Amino acid sequence: MIGYNRLRRFAPLGVAAVLALALAACAQSYPNSTFTPHSDLGRSIDFLWNRLMFFGTIVFVLVEGALIYVVIRYRRKSEDVTPPQTHGNVVLEITWTLIPAAILAFIAVPTVRTIFETQAPAPANSLVINVYGHQWWWEFEYPEYKFTTANEIYIPKGRTVDLVLHSKDVIHSFWVPQLAGKRDAIPNHTNHIWFTPDSNMATTVWNGFCTEYCGDSHGEMHFRVITVTPEQFASWVTRQQAPGFFGPPATPPTAAIASAGAATPATTPAAGTKTDSAAAAAPPAAPVTPAYGPTASPALLASYVLPHSEVPEYAIPHTPLPAEIKFDDNLTGDPAAGEKLFVGAGTCNACHSVTGNPLAVGTIGPNLTHVGSRITIAGGMYLNDKTHLSRWIKNARIMKSGVLMPTLGKGQYDPQTKATMPAGLSDQQIADLVAYLQALK
Amino acid sequence: MSTATVSHHYSSTGLDNRKIAIWAFIGSECMLFVSLISTYLIYKDRSVVGPYPHTPWTDPSTGHVYHAILNIPVTSASTFILLMSSLAMVLALSAVENKGKPQRNLGERILGNSKLWLFMTALLGLGFLGCQAYEFTSFVNEGLTIKTNLFGSTFFTLTGFHGAHVTAGVIWILSMLFIDIKRGLGPSDALNVDIMALYWHFVDVVWVAIFTLVYLIR
Amino acid sequence: MATTVIETTPPHLKPFVPSPVPATVQTYGSSIWGWITTTDHKKIGTLYLFTALFFFLIGGIEAEIIRAQLGGPNRHLVSAETYNQIFTMHGTTMIFLAIMPLSAAFFNFVIPLQIGARDVAFPRLNAFSYWIYLLGGLFISIPILFGHAPNAGWFGYAPLTTKAYSPGVNVDFWVVGLQILGISSLAAGFNFITTIINLRSPGMSLMRMPVFTWMAFIVQFMIVLAFPVITVALFFLLMDRFFGTQFYEVASGGDPLLWQHLFWIFGHPEVYILVLPAFGLVSEVVPTFSKKPLFGYPVMVYSGILIGFLGFGVWAHHMFAVGMGPIADSVFGVTTMLIAIPTGVKIFNWIGTIAQGQFKATSASLFAVGLVCLFTIGGISGVMHSSPPADLQQTDSYFIVAHFHYVLFGGSIMGIFAGIYFYFPKMFGRIMDEKLGKAHFWLTFVAMNLTFFPMHFSGMLGMPRRIYTYDAGQGWDAFNQTSTWGAYLLFVASLIFMYNFFKSLKSGRPAGPNPWGAGTLEWTIPSPPPPYNFAALPNVTSRYPLWEGKQADIDSARINQQGGKSAEELGIVLPYNTVKPALSALFLVLMFSGLIVGHWLIFAGAAAMVLALYAWLTSPLEPEHH
C-alpha cells in the first residue's frame, strides 16, 4: 500500500527532525518560560501543568499508538477479504468512557482547590500596587508609599505583592510569564493577582507583556518587573518618593547596552558584541543645580536602582529605529534648558508630571519623575538612552503606531493626521529635553 | 403567502414543512429575546445617571427632578389589548378552519367571520403599537432616550425589538386580511393562518415576559 | 445512457471493482443565469464549495503574510496597523467565509441525498442563504484592498471596538458584515432542520440516518440557538457605534464583559459548529474504506447530541483571566472537562471502526485518519486549557493558537478535505487524481505539524498572541522560523490541491454511482445525480442500505442507479428557477450597507427588499400539480 509504506519510510526521518529541533531548541535560553516558576502562584500553576502534561502524554501515546497500530495492522492486503461487520462493543465503549472521566477527576480536584486558594483575598501585609493599563503603556502606583511610576516595578523578594489591575481605556492583560499567570485589566472592573516572589533567587529583571489585544501597538506594550532584596526595595522606594532632581552624571553605559543603543534601523545587533562606536553616549559635563525642590541629598543619590550592567540581555529591547527619523546625535543637551522647555515650548507638562515641579502635573502620559533610571521608554519598546529618547520625542507617532503623544519635531510627518508639522522642536531643543529627562534619576 | 395549494408531498412526520420551520424560528427567536432580556436584567440598577424605571431621580447638575419613568397603568392596558388580540387571532383561525360550515345564528355568523377577526387582531395589534408609541414619546419628552443611560439603551432596544416583531406581525395579518377580502380564505389556507397565529402568540408571550420582568418586578 | 449491472451482493463484500462508468459525464450546465436563479441544492452546494475554496485561499494568503512577518524578530514586512487588519481578517475569513461555508457545501449537497429527498424543504430560502453569504463575504472582505479592513480581532472585544477606540470604518464593516452573514446561517438552519425532520425517505428513521446527517442536524440546532446571541451582541455594538447608545460605554456604567459573555455564548457553540460536520464526514469516510460499519453508531449520535448541549455550557472558559471569581471559574472548568468525554469517545469509535477492518489508504481516508490523529492533539491541549489556574499561563499565548489550529485545521480542514475527495465524484462525476491527492495529504500533514506544533512551545515560553512582532533574545526565534517554513509548505500543498481539483473537474477519471463501494443512499444514484436525485424515493430498511439492506433497498437502488431519464419522463415536478432569492439577498445587503454609506440607502434597500420578498412569497415554488 503506497500510503503507509511512505509512512514507514518517513517516520524515522520525522522523529529525527523533531529531535533535532528539540536539541537546537534546548541549547537556547528561555527568559520568558512558564516552565520555571519563581513564585508560589507559579508553582501552584506548574503543579497543575505537570499533572496535565503527565496525563496528556499518556493519552497521546495510547491514542496515537492505537491509531497507528490499526491503520497498519488492518490495512487492506486483498480486495477479496470481507472483514467482520462489527457494530460496536458495549463493554469497550463503557470502559473507554469511564477511564477519561476518571482521569479528568484527577485533574478537576486539584484544579478547584488551586482556584480557591489562589483567588482568596491577598494576605494582609501584601505590597499593594495599583496597575493601570493604558494604550500602550503601564502605569504603576504604590499606595503604601505614595508614588507613581511607569514601565517597570520593583518588588521585594519574599513579600507577597498584590497587583490590583485597572484599565484606563480598553481591556489589557498583565503577564509576567516567569513569575505568575496573567489577569486582565478591564475598565469598570478591579481585578487582583497576587503572588510571592521566591526569596532565594538573584536580583534580576523579568519581562512582562500585555496579553489582551488592545489596538495598534498591543505588540509593543511591555513592562519590566525587577525582584530585589527587601533592603534594595526600601532604598528604591526612598528614591521614588523623592521629587525629580538633577543627579550626578550618568554612569557610562556598558558595551552591550551601547551596541544595542547604537543599532541602525536595518540590523539587530547580536548580544554582547562590542562596536567601536565612540559615538556611544559620552557622559555630560558638570552636574547642574536643581531649579526647584530640595537639593538631592547624598543618601538619595546613593539610593538603589538596578545598575544597567546588571540588566540581562533579554530585558533590553532591540526594537530597531525607524529610518525616517533623522537626528543629530552629536548635539549636547543642557538639562536646565530642557527643564524650561518641559513646561514651555515642549508642552510636555500637558500630559506628563514630574513630582516636585508644580507646573508638571499632567496625568495623561507616564509619570516621568524618575524616568532617567528606567531601563526602557515608550511602554517598554525602546531602550532608555539618548539615541532612542531623542527620536521618541521628535516623532513618537512614527516610533510607535497610534500613540497619543504628538509628533513634536519641526518638519516631521505625523502619520495620524497625515500632515507635516510646520512648527515644532528643533533638534537642539530635543537634545536639551533629553538631557533633562536623563538627569531625572 | 405562497398561492400553492396544500402540499401533497410525502413528509416523515405528517406535518407541513412550514409548521416545523416556524417552530424552529420561534426557538431561535427565544434565544434572541432571552439575550435582550438578560442584558436588561444585568444592567438593571447599574445606570450611572437617571431617569430610572421605578424610582425618582434628581439630576445633580440641573436640579431637575425626574419621576419614575414607567407608567404601569397605561402599560397594563396595552398588555391587555395585546392579549385580547391573541384571542381575536384564535377566533380568526377558527373561522378560517370552519369556513363553509353552516352558520345557524347571529352568534355563529359573528364567530365565523374571518375577516372580522383578522381585522380585530390587526386593530388590537395596532392599538398596542399605538400605546407603545405614546409611551415612548412621553419618555423622550420626560428626558429618557435610547442614549441617555443603560436603562434607556436596554429598555428601548428590548421593547423596540418586540415592537418591530409586532409590526411585522400586523403587516402579515393585514396581508392575510387582504387575501381574505380578495379571494376568501378557507380550510385549505388554515395552515398559513395557523403559522401566522403561532408567530403572533409567541410575540404575545414574549410581551408577557417583558411586562413582568421590566414593569412589574422592581 | 448507462447500462448498469444489477448489484445483488452488497458492494463492499465483493472484490472491489469500481462501478461501471457512463460514457459521458453529466454536467450542471454553464449558463450564468442558470446558476444565479438555481434552487437546486446540488448546484447551490457547488456554489458554496467554489466560493468557500476561494475564501480559504484568501485566508491562507493572510496567514502567509502573518507568518512572513513573524518569521524572525523585529521584522517590518507590514506595519502594526496592517498586521492587525491581516490577523483579524484571517480569523474572520477562515471561520465565517471558509470553514462554515465548506460545511454548508456538504450540508447542501449531501443531506438530501443521504436521507432520500429530492431537495431541501425550502429551495428558494436555500438559494437566498448562499447569495447572502457571497455578498456578505464580499462586503466584509473588500475593505482590506483599501486598507480599511476590520482590525479589532475576529472576536472584537469591547471597548476596543467602540467608536471611541476604533473611530474608523474598519469595525463598522466588521459589525455589519457579520450581521449579514448571520442571516445566511440562520436561514439555512431553519431549512435543514425542517428538511431532516420532515423529508426523510420512507423507512429512514432518525437512528438510521447517516452520521454526517446527524452531525449536521445537531449543528443546525446549535446555529439557530447560538446565532441570535451574537446578533444581539453585534446589534448592541452597532447601536453604540451608529446611534450613541450606552451598552458598552464604560463611562455610563457599561460592562465590557457583557460583550465577552454574549460573544462566547455564541462563540463556543460556534467552534463545535465548525468541527462537527468534519466529524460527520470522517464518520462516512472511515467505514467506507474499512469496509465495515461505523463502530458504535448510537454512541456517535448520542455523543454528538451531548456535545450540542454541553457546548452551550462551557463558554466562559474563554474568560478564565477576566476575574469571574472562583465559583464561576470552577464551574466552567469542570463543564469544559466534561465535554472532553463525548468528544474523546468519537476518536475511539473511529479507531474501533478501522480495527478488524480492511483499511485502504486513499486521499479521502488518509485525510480522515489525519483528522483523528491531529484532533487528538488539539483535544489534549484543550483539556490542558480547561484548568483555570493552568490556563492563566496558557490563555492569550501561542499555546492557544496551537490548540485551535490543531482542532480547526487538524480537525475541520482535514475532515473537509476528506469529504472533498470522497464526494467529488458524486458532485462532478469524476474522481480526483489519487497520486496528487496523496501528495497533498502528506505535504499537508507534515507542514501542518511543522507550522503549529512549535507554537505549543513558543506559547509556554512566554509568547503572547496577536503581536505584530517580537524582540530577539526572547527564546522564540527558532519556533517562529519553523512555523513560517511550515506555513510556506502548507501553501504549496494547497496549490497542489487546487491544481488537482480543477484538473480533475475537466479530465478526471469518470465515476459511476458508487466508486468507493460505500453503503449509504447517496451512492445509489448516478454521479452527478440527476436534478430530481431519486427516480423513486427509496424505501430504507437499514443504516447502510447498500451493505445491509433488504430486498426493498436493493430494488430501490436498482431503479435509482439508472440515469438518463428526465424529470418530465418520470412525472417528477421540480421547482422553478427564480432570481427572487438572489435579488432579495442583494437588497438586504444594500440595506445594511446603508449604515455605512448613508441612511437613505437603508430605506431604499429595505423598500426594494420588501418588494422582492413579496414577489417571492406570492409566487409558487413549482408548477401546480396534484
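Taking the radius of gyration and the Kirkwood hydrodynamic radius from Cα positions alone, what is the Rg/Rh ratio for region A:119-194, to two decimal places? Could the numbers behind the result be given before it?
Numbers: Rg = 11.7 Å, Rh = 12.6 Å.
Using only Cα positions, Rg/Rh for region A:119-194 is 0.93.
Need the list of aspartates and glutamates near C:LYS360 for cross-linking: C-alpha distance under 18 angstrom, and skip anything on the same chain fewer than eight residues off.
Counting by Cα, and skipping residues close in sequence, C:LYS360 has these aspartates and glutamates nearby: A:GLU79, A:ASP80, C:GLU284, C:ASP433, C:GLU434.
I need the shape label for region C:83-234. Rule: rounded when a/c is under 1.5, else prolate if a/b > b/c, else oblate, with a, b, c from the alpha carbon gyration tensor.
On the way: a/c = 2.85, a/b = 2.50, b/c = 1.14.
Prolate shape, in that a/c is at least 1.5 and a/b is the bigger ratio.
Given that compact globular proteins tend to follow 2.2 N^0.38 Å, what is the ratio of the alpha-carbon Rg of region C:355-443 to that value? The partial results should precede the final answer.
On the way: Rg = 16.4 Å, N = 89, 2.2 N^0.38 = 12.1 Å.
Compared with the compact-globule rule of thumb, region C:355-443 sits at 1.35.
Quick one: Cα centre-to-centre distance for region C:557-626 and region B:126-164, in angstrom?
Their Cα centres are 36 Å away from one another.
Please report the antiparallel percentage of DSSP beta bridges with both residues in the protein assembly as shown, rounded to the nearest 5. Can you show the working numbers first?
Values: 37 of 51 bridges.
Close to 75 percent.
For region C:175-190 and region A:180-231, what is the separation of their Cα centres, given in Å?
40
For region C:404-469 and region C:266-326, write down the distance between their C-alpha centroids in whole Å.
18
Order the peptides B:21-31, C:102-112, A:113-123, C:117-127 from the highest to the lowest mean number of other Cβ atoms within 10 Å of their residues.
Working: B:21-31: 19.3, C:102-112: 28.1, A:113-123: 15.7, C:117-127: 24.4.
Most protected by this proxy first, the peptides run C:102-112, C:117-127, B:21-31, A:113-123.
Highest first, please rank the peptides C:44-50, A:307-313, C:144-150 by the mean number of other Cβ atoms sitting within 10 Å of their residues.
Packing proxy ranking, top to bottom: C:44-50, C:144-150, A:307-313.
If amide H atoms are built 1.01 Å from N in the plane of the peptide, which residues on other chains or at least 5 residues away come under 5 Å of the amide H of B:ASN71?
none
Given only helices, namely DSSP H runs of n ≥ 4 each adding -39500 (n - 2.57), what is the per-residue ellipticity at 222 nm of the protein assembly as shown, to the nearest 500 deg cm²/dmol? Mind showing how you got there, number by number?
Details: 37 runs with 681 residues, N = 1285.
So the helix-based figure for the protein assembly as shown works out to -18000 deg cm²/dmol.
Can you tell me the relative contact order of chain C? Whole percent, Cα pairs under 8 Å, sequence separation 6 or more. Walk me through the numbers on the way to the answer.
Details: 1077 pairs, mean separation 126.4, N = 626.
Relative contact order here is 20 percent.
Sticking with the crude label model, points 7 Å out along Cα→Cβ, report the distance from C:ALA607 to B:ILE72 in nm, one decimal please.
Taking the simple label geometry, C:ALA607 and B:ILE72 are separated by 4.5 nm.
Taking θ as phi - 60°, what are the ³J(HN,Hα) couplings along region A:218-232 by the Karplus curve (6.51, -1.76, 1.60), each to the nearest whole Hz, with x for Gly and Pro?
Listing the rounded values in order: 3, x, 10, 9, 10, 8, 10, 10, 10, 8, 10, 6, x, 5, 4 Hz.
Enter the mean number of other protein chain beta carbons within 10 Å of the beta carbon of each residue in A:203-212, as an integer. Walk me through the numbers before you get to the answer.
Numbers: counts 0, 0, 0, 1, 4, 1, 8, 4, 10, 10.
Partner-chain Cβ atoms within 10 Å, mean over residues of A:203-212: 4.
Among B:ILE146, B:ILE69, B:ILE42, whose mean-square fluctuation peaks in a Gaussian network model of chain B (Cα, cutoff 10 Å)?
B:ILE42
What is the count of Lys pairs in chain B whose alpha carbons sit under 29 Å apart, if the two are 8 or more places apart or on different chains?
Count of close lysine pairs: 10.
If packing is taken as the average count of other Cβ atoms within 10 Å, what order do C:67-78, C:508-519 fall into, highest mean first? Mind dumping the intermediate values first?
On the way: C:67-78: 17.8, C:508-519: 23.0.
Top of the packing list down: C:508-519, C:67-78.
Per residue of C:257-270, what is the mean number of Cβ atoms on other protein chains within 10 angstrom of that residue's Cβ? Working shown, then result.
Numbers: counts 6, 5, 1, 3, 4, 3, 0, 0, 3, 2, 0, 0, 0, 0.
Mean inter-chain Cβ contacts per residue within 10 Å come to 2.
Exposure proxy check: C:PHE155, B:PHE80, C:PHE501 ranked by fewest other beta carbons within 10 Å? Could you put the intermediate results ahead of the total?
Working: C:PHE155 18, B:PHE80 14, C:PHE501 22.
Listing C:PHE155, B:PHE80, C:PHE501 from fewest to most nearby Cβ atoms yields B:PHE80, C:PHE155, C:PHE501.
Mind checking the alpha-carbon convex hull of chain B and giving the volume per residue in Å³?
On the way: hull volume 28.7 nm³, N = 218.
Dividing the Cα hull volume of chain B by its residue count gives 132 Å³.
Stokes-Einstein at 25 °C, 0.890 mPa s, Kirkwood radius from Cα pairs: D for region A:317-440 in µm² s⁻¹? Let's see the in-between values first.
Values: Rh = 14.3 Å.
Answer, rounded: 171 µm²/s.
Which of the residue pairs A:LYS77/C:LYS506; C:LYS292/C:LYS550; C:LYS426/C:LYS503 have a Cα-Cα distance greater than 26 Å in the structure shown? Show your work: numbers first, answer last.
Numbers: A:LYS77/C:LYS506 32 Å; C:LYS292/C:LYS550 17 Å; C:LYS426/C:LYS503 16 Å.
Violating the 26 Å Cα-Cα cut-off are A:LYS77/C:LYS506.
Label-point separation (nm) for C:ARG558 and C:ILE305, each offset 7 Å from Cα along Cα-to-Cβ?
Placing both labels 7 Å beyond Cα along the Cβ direction yields 3.7 nm.
When a footprinting reagent is the concern and you count Cβ atoms within 10 Å, what order do C:GLU522, A:GLU141, C:GLU284 take, fewest first?
Numbers: C:GLU522 25, A:GLU141 19, C:GLU284 30.
Least crowded to most crowded, the residues run A:GLU141, C:GLU522, C:GLU284.
If you project the alpha carbons of the protein assembly as shown onto the principal axes, what extent comes out on each, in Å, largest first?
Largest first, the protein assembly as shown extends 108, 82, 56 Å along its Cα principal axes.
Quick check on the exposure proxy: order B:TRP200, A:TRP49, A:TRP175 from fewest to most C-beta atoms within 10 angstrom.
On the way: B:TRP200 26, A:TRP49 21, A:TRP175 29.
Fewest-to-most Cβ neighbours within 10 Å comes out as A:TRP49, B:TRP200, A:TRP175.
Return the average number of partner chain Cβ atoms within 10 angstrom of each residue Cβ along peptide B:149-159. Intermediate values should be presented prior to the final figure.
Working: counts 6, 9, 2, 3, 12, 4, 0, 2, 7, 1, 0.
For peptide B:149-159, the averaged partner shielding equals 4.
Classify region C:41-511 as rounded, prolate or oblate from the Cα gyration tensor: take a ≥ b ≥ c as the square roots of its eigenvalues, call it rounded if a/c is under 1.5, otherwise prolate when a/b beats b/c and oblate if not.
Numbers: a/c = 1.42, a/b = 1.28, b/c = 1.11.
Here region C:41-511 falls in the rounded category.
Around C:THR213, what is the net charge, scoring Lys/Arg as +1 and Asp/Glu as -1 over all other residues with Cβ under 14 Å from its Cβ? Don't skip to the end; give the middle numbers.
Values: positive: C:ARG200, C:ARG208, C:ARG543; negative: C:GLU284, C:GLU522.
Residues close to C:THR213 contribute a combined charge of +1.
Only the coordinates and a few stated rules stand behind these numbers; no lab work does. A quick note: this is a predicted structure, and the numbers were derived from the prediction, not measured. In this analysis, Cβ positions are derived from the backbone assuming ideal geometry, glycine residues included, and neighbour counts consider all displayed protein chains.
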